[in-house]
Amino acid sequence: MTSPRLEPGQPAPDFTLLDQDERSVTLESLRGAPVILFFYPEAMTPGCTTEACDFRDSLAPLQAAGYTVLGISRDLPEKLERFRQRDGLTYDLLSDPDHSVHDAYGAWGEKVNYGKVVEGVIRSTFVIDAEGRIEHALHNVRATGHVARVRTLVGVG
């Protein structure tokens, strides 16, 4: 079953997850600055590597505009650390093994994969404003070219 989708104007669900270094990260602790939260299926797979590296390559202008970028997957912290090291990712990756945060954001549910309906991660990105509200909700996005669209939405050239 697919979780309900978050829409602009709604409060972003708070969470506490472990990052690649097994430190707790809460969304609430990031209030006061905007956040880009992207959900991806699995570290070190081709599409996810493309998306993660695109965010890495866009990190400087996004951070200059005040954004914190966070990636979330079901991978455990150890794998997330290997992913960061392998691809030189310079932002935090968060571990959501039971997909509870995926569920809260509508980034888990039924999708078509190679012609079959399966349950899994729905690649999604959320731009959260400084007050903790959803500014942009992008569901079921493609890995390639997605980060350029996010940059356009947030006005970072």
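The values are calculated or read from the model by the stated rules, or taken from the named source; none is laboratory data. The structure presented is a predicted model; accordingly, all values stated were derived computationally and were not measured. Glycine gets a Cβ as well: all are built from the backbone with ideal geometry, and neighbour counts include every protein chain shown.
Considering only residues that are of a type in the set (A, V, I, L, M, F, W, C) and touching a helix residue (DSSP H, G or I) at 6+ places or on another chain (Cβ under 8 Å), look in region 7-32 and name the one that is surrounded by the most Cβ atoms within 10 Å (Cβ to Cβ). Taking the candidates together, the pick is Leu17. Restricting attention to region 70-85, the residues that are part of a helix (DSSP H, G or I), touching an Asp or Glu at 6+ places or on another chain (Cβ under 9 Å) and of a type outside the set (Lys, Arg) add up to 5.
Tallying residues that are in contact with a helix residue (DSSP H, G or I) (Cβ under 8 Å, 6 or more places away or on another chain) and free of Cβ contacts under 8 Å to residues at least 40 places away in the same chain within region 109-140 yields 1.
Residue pairs whose Cβ atoms lie under 7 Å apart, sitting 6 or more positions apart in sequence or on different chains, and linking a residue in region 8-27 that is among the hydroxyl-bearing types (Ser, Thr, Tyr) to a partner that is in a loop (DSSP other than H, G, I, E, B), are Thr26/Asp14; Thr26/Phe15.
Within region 26-66, the set of residues being in contact with a Gly (Cβ under 9 Å, 6 or more places away or on another chain) and of a type in the set (Gly, Ala, Ser) comprises Ala33, Ala43, Ala52, Ala65.
Selection within region 130-151: residues that are of a type in the set (Val, Ile, Thr) and buried (at least 18 other Cβ atoms within 10 Å of the Cβ). The member of this set that is modelled with the lowest pLDDT is Val141. Only a single item in (1) outside any loop (DSSP other than H, G, I, E, B); (2) more than 16 Å from Thr16 (Cβ to Cβ); (3) at pLDDT 95 or above is not met by Thr90, and it is number (1).
Is it the case that some residue within region 46-61 is free of Cβ contacts under 8 Å to residues at least 24 places away in the same chain, of a type in the set (A, V, I, L, M), outside any loop (DSSP other than H, G, I, E, B) and over 14 Å from His146 (Cα atoms)? Yes: region 46-61 contains one or more residues that are free of Cβ contacts under 8 Å to residues at least 24 places away in the same chain, of a type in the set (A, V, I, L, M), outside any loop (DSSP other than H, G, I, E, B) and over 14 Å from His146 (Cα atoms).
So if I check each of Ala64, Ala104, Ala43, which one is at pLDDT 95 or above, of a type in the set (Gly, Ala, Ser) and buried (at least 18 other Cβ atoms within 10 Å of the Cβ)? I'd like the intermediate steps shown before the answer.
Working: Ala64 fails: buried (at least 18 other Cβ atoms within 10 Å of the Cβ); Ala104 fails: buried (at least 18 other Cβ atoms within 10 Å of the Cβ).
When all the criteria are applied, what remains is Ala43.
Filter region 104-157 down to the residues that are outside any loop (DSSP other than H, G, I, E, B) and of a type in the set (Asp, Glu) and list them by number. The answer is Glu110, Glu119, Glu135.
Among residues of region 81-95 being among the charged types (D, E, K, R) and more than 11 Å from the chain's Cα centre (by Cα), the one that is surrounded by the fewest Cβ atoms within 10 Å (Cβ to Cβ) is Arg86. What about Ala43, is it more than 21 Å from Arg149 (Cβ to Cβ), in contact (Cβ under 8 Å) with a residue 12 or more places away in the chain, touching an Asp or Glu at 6+ places or on another chain (Cβ under 6 Å) and not in a strand (DSSP E or B)? Judged against the criteria, Ala43 is a match.
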